[in-house]
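The values are calculated or read from the model by the stated rules, or taken from the named source; none is laboratory data. Everything numeric in this text was worked out from a predicted model, so none of it was measured. With ideal geometry, Cβ positions are generated from the backbone for all residues, glycine too; neighbour counts draw on all protein chains shown. Please note that ligands, DNA and RNA were not included when accessible areas were found on the heavy atoms of the full protein model with its side chains. Shrake-Rupley method; radii C 1.70, N 1.55, O 1.52, S 1.80 Å.
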Amino acid sequence: MARQELKPVEIANGVHWVGALDPDLRMFDLILKTANGTSYNAYVVHGGEGVAVIDTVKEEFSEIYFSKLEQITSYERIKAVILNHLEPDHAGAVPELMRRAPHAHIFVSTRGLKLLQALLKDELENYQYTLTDTGDVCSLGERTLSFINTPYLHWPDTQCTYLEDEKLLFSGDVFGCHFCDDRLYNDLVGDFRFSFEYYFKHIMRPFKRWVLEAMDKIEPLQPRLIAPAHGPILRDNPLEYVKSYRTLSNSYLTKKIDAREKSLLIFYMSAYGATADMAKHIHAGASEIEGVRVSLYDLQGGEIEPFIDLIEGADGLLFGSPTINGDAVKPVWDVLASLISIETRGKLGGAFGSYGWSGEAVRMIEDRLRGLKMRVPERGLRMKFHPTEDELEECHAYGLALAEALAGKAKPKELDFADLQM
Ligand code: FEO
């Protein structure tokens with residue numbers, strides 16, 4: 001069980017951890033389970049010309065944070081406040097810190113400025129700040145901290161800060177995990193491998209393109225110590241964790257099918273076989289287009305987890321659902337809700353389904369797909385009861401048109417005003 005130590009911990013020469021432990025947290029940001037809580041790691045770097053504070057903690061832990069800070073520095077000595085990330089779990093004590101050290105200079109990424117304005121409101125005009133980019137530095141005299149812009153890991157504002165003389169990377173959420181252990185270091189705490197991968201999967205995975213770009217910047221530094229904003233400080237073999245991020249990003253990218261082909265996945269649920277028949281005819285139509293590999297899955301017989309991996313590598317997704325009580329059915333929503341953990345922007349999407357009375361499901365699914373920034377080039381198909389032969393032909397044509405769009409063979413569409421009505 002983690003104890004809330006009220007002493008700062010020196011993690012490198014003139015560098016202290018001044019973070020807080022939160023062992024009782026069981027759910028982070030409403031989406032992440034935290035079986036043994038988390039930590040909010042913040043750090044202080046001492047230099048000849050003053051002190052740099054890197055990040056703060058969640059607001060309710062401010063007292064612990066300030067108590068540790070005051071044991072190693074006076075507020076007058078704080079020269080720089082470096083904000084690697086402005087999510088409230090790290091920026092919660094920033095307003096109070098700036099009230100106590102109003103002369104300190106804030107360093108924040110360009111994308112972080114809007115968040116800083118929202119956090120400090122009118123108070124911001126009392127302070128000095130610098131917007132940072134990769135290669136910019138903050139000097140503490142004989143020590144230099146440099147900034148590495150790492151956008152979208154996992155917010156637009158995120159950056160890492162590097163202490164050159166110690167080869168120490170303050171990495172923000174990157175390489176972090178929700179794991180609370182007062183022994184602090186990766187070689188002393190319990191087994192946190194699960195937490196590390198779980199965190200990556202739910203926080204970083206949607207941004208894996210950006211992760212790979214960030215690793216290109218971090219790898220050449222060869223840090224000897226990585227101090228993330230959550231979980232263990234990585235002093236034993238820190239480069240293993242850099243390697244893991246690359247491996248985790250690449251593993252989700254791997255496409256098992258021929259890279260020259262486009263992958264179209266069709267998922268459906270069916271109550272009386274009507275939506276299933278629509279799915280099969282859409283599948284047959286799409287399969288006629290060369291260069292598109294089409295797969296058909298009945299959600300009644302599948303688990304979400306492996307589907308999410310498949311979906312991440314796919315180019316197009318279709319969802320079929322009957323309308324029951326004015327809605328799409330739960331297994332379809334479960335998959336659609338899970339797409340939050342992967343990148344869907346730009347994938348092709350579509351929806352179809354049979355209905356008996358009102359038939360809202362198709363439009364609701366389409367709205368969700370658009371909300372996920374997917375392209376929905378064809379209006380989805382809604383068919384009352386069991387489709388007729390003509391309607392099944394329509395399904396065939398719908399599949400064909402979507403596959404053509406995916407293969408880049410679609411002809412420009414003429415807008416029919418009748419299509420704009422429900
Ligand atoms: Fe740990 Fe994105 O805040």
- Could you tell me whether the range 63-73 includes any residue that is within 16 Å of the ligand (Cβ to nearest atom) and assigned by TED's automatic domain parsing to the domain that holds residue 229? yes
- Which pairs have Cβ atoms under 9 Å, sit 6 or more apart or on different chains, and link a residue in the range 298-318 that is not assigned by TED's automatic domain parsing to the domain that holds residue 353 to one that is open to solvent by 50 Å² or more (accessible area, probe 1.4 Å) and aliphatic (A, V, I, L, M)? none
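Give the range 309-340 a look and list any residue that's among the hydroxyl-bearing types (Ser, Thr, Tyr) and buried (at least 18 other Cβ atoms within 10 Å of the Cβ), or say none.
Those that are among the hydroxyl-bearing types (Ser, Thr, Tyr) and buried (at least 18 other Cβ atoms within 10 Å of the Cβ): 321, 323.
Within the range 231-243, is even one residue under 26 Å from residue 312 (Cβ atoms) and within 16 Å of the ligand (Cβ to nearest atom)?
Checked the range 231-243: at least one residue is under 26 Å from residue 312 (Cβ atoms) and within 16 Å of the ligand (Cβ to nearest atom).
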- Number of positions in the range 164-185 that are over 25 Å from residue 149 (Cα atoms) and away from the ligand (no atom under 16 Å from the Cβ): 5
- Query: Name the helices (runs of 4 or more DSSP H) wholly within the range 56-154 that hold at least 1 residues that are at pLDDT 95 or above and over 28 Å from the mean Cα position of the chain (by Cα)?
  - Reply: 62-72, 94-100
- residue 7: among the basic types (Lys, Arg), modelled with pLDDT under 95 and open to solvent by 10 Å² or more (accessible area, probe 1.4 Å), yes or no? yes
- Output for the range 25-43, where each listed residue is surrounded by fewer than 14 Cβ atoms within 10 Å (Cβ to Cβ) and away from the ligand (no atom under 12 Å from the Cβ): 26, 27, 30, 33, 35
- Query: Among the residues of the range 295-308, is there at least one that is open to solvent by less than 40 Å² (accessible area, probe 1.4 Å) and farther than 30 Å from residue 196 by Cβ?
  - Reply: yes
- Selected residue (criterion: farthest from residue 161 (Cα to Cα)) from residues of the range 77-92 that are out of contact with any Gly (no Cβ under 9 Å at 6 or more places or on another chain) and away from the ligand (no atom under 12 Å from the Cβ): 81
- Item | Complete set of residues in the range 312-329 that are charged (D, E, K, R) and over 24 Å from the mean Cα position of the chain (by Cα) | 327
- Here the residues within the range 177-207 that are touching a Phe, Trp or Tyr at 6+ places or on another chain (Cβ under 7 Å), closer than 13 Å to residue 37 by Cα and crowded, with 20+ Cβ neighbours inside 10 Å are 177, 178, 179, 195
- Message: Where the second residue is in a loop (DSSP other than H, G, I, E, B) and within 11 Å of the ligand (Cβ to nearest atom) and the first is β-branched (Val, Ile, Thr) and lies in the range 37-50, which pairs have Cβ atoms under 9 Å and are six or more apart or on separate chains?
- Response: 38/176; 38/177; 38/178; 38/230; 38/231
- Task: Residues being aliphatic (A, V, I, L, M) and outside any loop (DSSP other than H, G, I, E, B): count how many of those fall in the range 22-55.
- Result: 8
- Taking residue 22 as the residue in question, decide whether it is touching a helix residue (DSSP H, G or I) at 6+ places or on another chain (Cβ under 9 Å), at pLDDT 95 or above and open to solvent by 10 Å² or more (accessible area, probe 1.4 Å). yes
- Task: State all residues of the range 213-223 that are open to solvent by 30 Å² or more (accessible area, probe 1.4 Å) and in a helix (DSSP H, G or I); if no residue qualifies, say none.
- Result: 213, 216, 217, 219, 220, 221
- Within the range 36-74, can you find the residues that are aliphatic (A, V, I, L, M) and either under 19 Å from residue 168 (Cβ atoms) or touching a Leu at 6+ places or on another chain (Cβ under 8 Å) (or both)? 42, 44, 45, 51, 52, 53, 54, 64, 69, 72
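Starting from residues that are of a type in the set (Asp, Glu) and more than 13 Å from the ligand (Cβ to nearest atom), keep the ones in the range 136-163 and report whichever is farthest from residue 32 (Cα to Cα). I'd like the intermediate steps shown before the answer.
Start the filter on the range 136-163 by keeping residues that are of a type in the set (Asp, Glu), which leaves 136, 142, 157.
Going one step further and asking which of them are more than 13 Å from the ligand (Cβ to nearest atom), we end up with 136, 142.
Numbers: 136: 34, 142: 41 Å.
Here the answer is 142.
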